[in-house]
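The values are calculated or read from the model by the stated rules, or taken from the named source; none is laboratory data. The structure displayed is predicted, hence computed values, not measured ones. Cβ coordinates were reconstructed from backbone atoms using ideal geometry, including for glycine residues, and neighbour counts include every protein chain displayed. Just the protein is used for accessible areas: all its heavy atoms, side chains included, with ligands, DNA and RNA removed. Shrake-Rupley method; radii C 1.70, N 1.55, O 1.52, S 1.80 Å.
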Amino acid sequence: MNGVVIQEEEVNRGLLYQQQRMLATTGQVIRPEMMTEARKMVLENLIDRELLYQQSRKKGISIKDAEVNEQLDRLKKQYPNEQAFKDSMAEDHLTEDTVKSGSR
């Protein structure tokens, strides 16, 4: 969309997140017959996020690196130590760079 490709990995990561969230909140998993619809919803969400990002860039809206690092530090403080944070990130197939960039 507008020259930006949404990678299959991003869709898979979003779907994994939705599956984990549903399991944590309802104790249930996404049923196989609902997987296509769930995947579509994740893709639509990624498209919406990308369009918002592109619109913000057009309007000159940007976030300073210091603000991003501050938010990342807050996130890290929710874990008992750095390794627990990294392990959690790895479980979700994330890196600090993907979190900092908003999966861009």
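Among the listed residues Tyr17, Tyr79, which satisfies the condition of being in a loop (DSSP other than H, G, I, E, B) and open to solvent by 50 Å² or more (accessible area, probe 1.4 Å)?
Working: Tyr17 fails: in a loop (DSSP other than H, G, I, E, B).
Selected residue: Tyr79, the only one of Tyr17, Tyr79 that is in a loop (DSSP other than H, G, I, E, B) and open to solvent by 50 Å² or more (accessible area, probe 1.4 Å).
I'd like the residue in region 1-55 that is of a type in the set (Gly, Ala, Ser) and over 18 Å from the mean Cα position of the chain (by Cα) and, out of all such residues, is modelled with the lowest pLDDT. Can you show your working first?
Within region 1-55, the first condition is being of a type in the set (Gly, Ala, Ser), and the residues that meet it are 3, 14, 24, 27, 38.
Now restrict to residues that are over 18 Å from the mean Cα position of the chain (by Cα): 3, 27.
Values: Gly3: 84, Gly27: 93.
Per the stated criteria, the residue is Gly3.
Which one of the conditions (1) under 21 Å from Glu10 (Cα atoms); (2) exposed (fewer than 12 other Cβ atoms within 10 Å of the Cβ); (3) not hydrophobic (A, V, I, L, M, F, W, C) does Arg39 fail to meet, given that it meets all the rest?
Failed condition: (2).
Residue-by-condition table, conditions (1) under 26 Å from Leu15 (Cα atoms); (2) surrounded by 11 or more Cβ atoms within 10 Å (Cβ to Cβ):
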| residue | (1), (2) |
| --- | --- |
| Ile61 | no, no |
| Glu67 | no, no |
| Leu72 | yes, yes |
| Leu75 | yes, yes |
| Gln83 | yes, no |
| Lys86 | yes, yes |
| Asp97 | yes, no |
| Lys100 | yes, yes |
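May I ask you to list pairs of residues, at least six apart or on different chains, whose Cβ atoms are under 9 Å apart, with the first in region 51-62 being closer than 13 Å to Val4 by Cα and the second being in a loop (DSSP other than H, G, I, E, B)?
Leu51/Met1; Leu51/Asn2; Tyr53/Val4; Tyr53/Gly102; Tyr53/Arg104; Gln54/Met1; Gln54/Asn2; Gln54/Val4
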